[in-house]
Amino acid sequence: MNKENNYIKIFDTTLRDGEQSPGASMNIEEKLKIAEALEDLKVDIIEAGFPAASKGDYEAVSEISKKIKNSSICALSRASKNDIQTAADALKNATAPRIHTFISTSELHMKHKLQLNSDEVYQKVIDSVSFARNLCEDVEWSCEDGTRTDLDFMCKTVEAAIKNGASTINIPDTVGYSIPDEFTNIITHLMNNVPNIDKVTISTHCHNDLGLAVANSLAGVRAGARQIECTINGLGERAGNAAMEEVVMAIRTRNDMMPFQTNIQTEKLTKTSKLVSAVTGFPVQFNKAIVGKNAFAHEAGIHQDGMLKNNKTYEIMTPESVGVSESNLVMGKHSGRHAFKQKIIELGYSINDNVIEEAFENFKNLADKKKNIYDEDIIAIIDDQVIRVNDSILLQDLQVIAGTKGPQKAEISLLIDDEHKTVTSTGDGPVDAIFNGLSQLVPHKGKLLLYQVHAVTEGTDAQAEVSVRLAEDGKTVVGLGAHTDTLVASAKAYINALNKLIIKREKSAPASMSGVTGV
C-alpha cells in the first residue's frame, strides 16, 4: 500500500484479544450481537476468534462468518499447520476471510517461550505464511513481542512473510513496553529497510500496560502504518488494548495534525461501548475518554460559564459525534407503545416485537415507581430484557427480610424449565441469603469472583445494574441484572450467570492453550 494513502483500516479484536480479559468470556449469541454492532460501525476487519483454541471459538468464528457480510472476518492462528487449517475451516463461509498467523520473534520469547533459535523461527515464518496463503488470499502475519525484537531480525522475518504471501504485516507491542518515539522508529526502520514493504499494509497492535497504546498506535500511523488493531473500550488482557473510540476520534478531531480517514460511523461508538460493557460485565469508568459517563459532563463553575457562552470553550468534539445526546424526560407512564418503540429505534436498537412488548411492560412498571425516566433507564431495560431471551431459569418471586438483626432471610421462587421451585434461605446479609438460596435451587460448584453494583441514573429511585462473575471448572461467566430494587437486580444477575454456566457445561472442554497469549 502506498504510504501516501491516508485511509486507515480499523481492525477490531474485541472478540478475540478483548475476550482474553479475565472474566470477559462471551457465548456465541453475545459474540454475534457484538459482531453485528461492529459491522454496523463499519469496522474494516473483525477478528472473530482463535478457532484452534476451543470448540466454542471455532463455532463463534464460523457463525460470525455466515452472518457478517460487510466486514472482513479474521481468525487467529499460531504458526502451525493444524492451527492454520482450523482457522481456514472456520472461515469457509466468510465473504472476505483473513487468516492471521503469528510467532514470537524477540530473543526473550524465542529462548524461554518457544525454546527455538532464530533460524528455526525464521523457517516457521516461511512455512506458516506460505501454508496460510495457499488456503486464503488475505494473510496477516505478526511478529509477537515485536517491540522487543532485534530490528535486523525483524526486517528479515518481515521480508520472508511478504515474500511468502502476507499482505498485512502487524507489529505488536505485545506487552505494552514501547513509547511513541520508539514505535515510530520501528515502523520507519521497516519502511526503509524491507523490500516490497510498500506493497503491503503495515499494522499496529498496541497494549496499554504503560497507558500508551493509543499514542503508540497513532505514532505508528504517522510513520506509515495503515491499519490499527484495537478494541471497544480498550478491552484486552492485562491493561487492555488501544481503544477504538480513542484512536478514531483522535484522528477525526486532530485531522490537522493527522490527515487520515477511517470508515467508522462514530455516532454509533457510545451505543457499541455500552453493548460491550453489558455483555462482558466490565463497566466503563466514568472519566473514560470519548464514551465515559463524564466525558461530556461539566460541573466546575468556570467550565459551565464557558459552555453557556460557547461549547467549544471546553468541548473539542460534540457529544452527538460519538452518539451521545442529552438525556431527556419525554418518556413517562403515559407514553404508549408506539412512542416507546420509536424511542428504542432512536437509541439504536433493532429488536423483535416480542422483546419490545415485554420491555414495554417493564418500562410501564418502572414509570409507576420512578418520577423521571431517562434514556439510560430505557437502555438498561432493553439490555436486561435481551440478555434473558433464552434463559431456562427465570425469577418468579423474591421476598427478603433484612436489617440489623440477623440472620437475613430470602424466600425465592424460580421457574426452571417450566417447573416452579421455591426455597427459603439465610445468609450473612440479604445478598448472601439470596445467593445461598439460588445455589440450593440450582446446584453448582461456581465460585463468586465479582459482585458489582452501580446506579443507572442519579437519585434514590435509580435503577441498579448488577454484575456477577462466576467461575466453575475453568469456565467463567458474567451475569447481568437491572431493577429499581438492588436485591432483585442482584438475584437476576446471579440467575443470568447460572443460565450461562449451564450453556458452558454443554460445551466441550477447550483445547490445551499452554503458553499461548496471542499477539
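The values are calculated or read from the model by the stated rules, or taken from the named source; none is laboratory data. Every value quoted in this text rests on a predicted model; they were computed, and no experiment measured them. In this analysis, Cβ positions are derived from the backbone assuming ideal geometry, glycine residues included, and neighbour counts consider all displayed protein chains.
Of all residues in segment 472-488, count the ones that are under 23 Å from the mean Cα position of the chain (by Cα) and touching a residue at least 40 places away in the same chain (Cβ under 8 Å). Show your work before the answer.
First, pick out the residues of segment 472-488 that are under 23 Å from the mean Cα position of the chain (by Cα): 472, 474-482.
Adding the requirement that they be touching a residue at least 40 places away in the same chain (Cβ under 8 Å) leaves 475-482.
Summing the residues that are under 23 Å from the mean Cα position of the chain (by Cα) and touching a residue at least 40 places away in the same chain (Cβ under 8 Å) in segment 472-488 gives 8.
Out of (1) out of contact with any helix residue (DSSP H, G or I) (no Cβ under 6 Å at 6 or more places or on another chain); (2) in contact (Cβ under 8 Å) with a residue 24 or more places away in the chain; (3) in a helix (DSSP H, G or I); (4) within 29 Å of residue 160 (Cα to Cα), the odd one out for residue 192 is which?
Single failed check for residue 192: (2).
Kindly indicate whether residue 91 is touching a strand residue (DSSP E or B) at 6+ places or on another chain (Cβ under 6 Å), at pLDDT 95 or above and surrounded by 15 or more Cβ atoms within 10 Å (Cβ to Cβ). Steps first, answer last, please.
Numbers: touching a strand residue (DSSP E or B) at 6+ places or on another chain (Cβ under 6 Å): yes; at pLDDT 95 or above: yes; surrounded by 15 or more Cβ atoms within 10 Å (Cβ to Cβ): yes.
Here the answer is yes, as residue 91 does meet what is asked.
Please work out if residue 226 is closer than 27 Å to residue 21 by Cα and modelled with pLDDT under 95.
Here the answer is no, as residue 226 does not meet what is asked.
Let's see how each residue does on (1) touching a residue at least 60 places away in the same chain (Cβ under 8 Å); (2) among the polar types (S, T, N, Q); (3) crowded, with 18+ Cβ neighbours inside 10 Å:
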{"residue": "32", "(1), (2), (3)": "no, no, yes"}
{"residue": "38", "(1), (2), (3)": "yes, no, yes"}
{"residue": "47", "(1), (2), (3)": "yes, no, yes"}
{"residue": "56", "(1), (2), (3)": "yes, no, yes"}
{"residue": "66", "(1), (2), (3)": "no, no, no"}
{"residue": "80", "(1), (2), (3)": "no, yes, no"}
{"residue": "83", "(1), (2), (3)": "no, no, yes"}
{"residue": "99", "(1), (2), (3)": "no, no, yes"}
{"residue": "111", "(1), (2), (3)": "no, no, no"}
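In segment 360-375, how many are touching a Gly at 6+ places or on another chain (Cβ under 9 Å) and not hydrophobic (A, V, I, L, M, F, W, C)?
3
Anything in segment 454-506 that is assigned to a strand (DSSP E or B), farther than 23 Å from residue 293 by Cβ and not small (Gly, Ala, Ser)? List them, or say none. Steps first, answer last, please.
First, pick out the residues of segment 454-506 that are assigned to a strand (DSSP E or B): 454-455, 464-472, 475-483.
Next, from what is left, pick out any that are farther than 23 Å from residue 293 by Cβ: 470-472, 475-477.
Result: 470, 472, 475, 476, 477.
Restrict the check to segment 260-272 and report whether at least one residue is in contact with a Phe, Trp or Tyr (Cβ under 9 Å, 6 or more places away or on another chain), assigned by TED's automatic domain parsing to the domain that holds residue 24, assigned to a loop (DSSP other than H, G, I, E, B) and among the β-branched types (Val, Ile, Thr).
Checking segment 260-272: at least one residue is in contact with a Phe, Trp or Tyr (Cβ under 9 Å, 6 or more places away or on another chain), assigned by TED's automatic domain parsing to the domain that holds residue 24, assigned to a loop (DSSP other than H, G, I, E, B) and among the β-branched types (Val, Ile, Thr).
Tell me, yes or no, whether segment 428-446 has at least one residue that is among the charged types (D, E, K, R) and over 25 Å from residue 23 (Cα atoms).
yes
Which residue, of 62, 54, 106, is of a type in the set (Gly, Ala, Ser) and more than 17 Å from residue 28 (Cα to Cα)? Break it down into steps so the answer makes sense when it comes.
Values: 62 fails: more than 17 Å from residue 28 (Cα to Cα); 54 fails: more than 17 Å from residue 28 (Cα to Cα).
Sole residue among the options that is of a type in the set (Gly, Ala, Ser) and more than 17 Å from residue 28 (Cα to Cα): 106.
Take the conditions of a type outside the set (Asp, Glu) and part of a loop (DSSP other than H, G, I, E, B) and apply them to residue 215. Does it pass? Reasoning before the result, please.
On the way: of a type outside the set (Asp, Glu): yes; part of a loop (DSSP other than H, G, I, E, B): no.
Considered against the rule, which asks whether it is of a type outside the set (Asp, Glu) and part of a loop (DSSP other than H, G, I, E, B), residue 215 comes out as no.
Test each condition in (1) modelled with pLDDT of 95 or more; (2) within 15 Å of the chain's Cα centre (by Cα); (3) not hydrophobic (A, V, I, L, M, F, W, C) for residue 238 and report the one that comes out false.
Result: residue 238 passes all but (1).
(1) among the charged types (D, E, K, R); (2) buried (at least 17 other Cβ atoms within 10 Å of the Cβ); (3) not in a strand (DSSP E or B): which one isn't true of residue 182, the others all being true?
Only one criterion in (1) among the charged types (D, E, K, R); (2) buried (at least 17 other Cβ atoms within 10 Å of the Cβ); (3) not in a strand (DSSP E or B) is unmet by residue 182, namely (2).
Considering only segment 430-444, I want to know if a residue exists there that is at positive phi and of a type outside the set (A, V, I, L, M, F, W, C).
Checked against the condition, which is being at positive phi and of a type outside the set (A, V, I, L, M, F, W, C), segment 430-444 yields no hits at all.
How many of the residues making up segment 423-435 are surrounded by fewer than 17 Cβ atoms within 10 Å (Cβ to Cβ) and in contact (Cβ under 8 Å) with a residue 24 or more places away in the chain? Walk me through how you get there before you give the answer.
Pass one, segment 423-435, residues surrounded by fewer than 17 Cβ atoms within 10 Å (Cβ to Cβ): 423-424, 426, 428-429.
Next cut, in contact (Cβ under 8 Å) with a residue 24 or more places away in the chain only: 429.
Number of matching residues: 1.
Take the residues of segment 189-205 that are more than 12 Å from residue 155 (Cβ to Cβ) and of a type in the set (Val, Ile, Thr): which is farthest from the chain's Cα centre (by Cα)?
Taking the candidates together, the pick is 200.
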